[in-house]
Amino acid sequence: METQMLSLNTTYAAYLVFKIAERSFGLHSVNAYVRLLREVDQVQAEDEAITVCLKSETSRRALRQHSGQLPKERNDGWMEIEMGEFFNDQGDAGEVEMRLIEIKGLWGKSGLIVEGMELRPKENRESSGCPYLKSARGGTHKSTPGAR
């Protein structure tokens, strides 16, 4: 998705919307990242990837081991998990890329049913827990309390 299609001066979160088949394996924890193609190269994005825990019955154990994100059930019956975020400063940073990948091991995976990926504005910059956010214009911006 092109950043020019998004609202300016807004922090966006990327979500994977999915279900897990009854017979599945290898989905306890995987890596995810969101990057602005003009700002962050693939190697840096993979180095900074977060761990997401897709299987709910093992998510709490995997979270303790990997300190990753947990899925949440939506009202429509699908699950969603936050994959990352970015700040769209002036809308001129080009494309946003969102990936769910296996970086370190080549373990097989089965049973992931993907509905899609969504970009949604976050309520405020403080919600990330990190005072510095990557900007779609380059550099970092320190968030301020109450900023939107």
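The values are calculated or read from the model by the stated rules, or taken from the named source; none is laboratory data. Quick caveat, the model's predicted, so the values are computed rather than measured. FYI the Cβ positions are ideal-geometry reconstructions off the backbone, even for glycines, and counts take in every protein chain you see.
For (1) in contact with a helix residue (DSSP H, G or I) (Cβ under 6 Å, 6 or more places away or on another chain); (2) within 26 Å of LEU70 (Cβ to Cβ); (3) assigned to a loop (DSSP other than H, G, I, E, B); (4) modelled with pLDDT under 80, each residue gets a yes or a no:
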position	(1), (2), (3), (4)
PHE86	no, yes, no, no
ASP92	no, no, yes, no
GLU97	no, yes, no, no
LEU100	no, yes, no, no
ILE103	yes, yes, yes, yes
GLY111	no, yes, no, no
CYS130	no, yes, yes, yes
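Could you list, in sequence order, all residues of the stretch 29-38 that are under 16 Å from the mean Cα position of the chain (by Cα), over 11 Å from MET83 (Cβ atoms) and not small (Gly, Ala, Ser)?
Within the stretch 29-38, the subset under 16 Å from the mean Cα position of the chain (by Cα) is 29-37.
Adding the requirement that they be over 11 Å from MET83 (Cβ atoms) leaves 29, 36-37.
Listed by number, the residues that qualify are LEU36, LEU37.
The set of residues in the stretch 69-102 that are exposed (fewer than 14 other Cβ atoms within 10 Å of the Cβ) and closer than 15 Å to LEU27 by Cβ comprises ILE101, GLU102.
Entry remark, the stretch 39-68: residues being exposed (fewer than 15 other Cβ atoms within 10 Å of the Cβ), modelled with pLDDT under 80 and over 16 Å from the mean Cα position of the chain (by Cα) number 7 in total.
Only residues that are at pLDDT 90 or above, within 28 Å of GLN90 (Cβ to Cβ) and of a type in the set (Gly, Ala, Ser) were counted in the stretch 1-38, giving 3.
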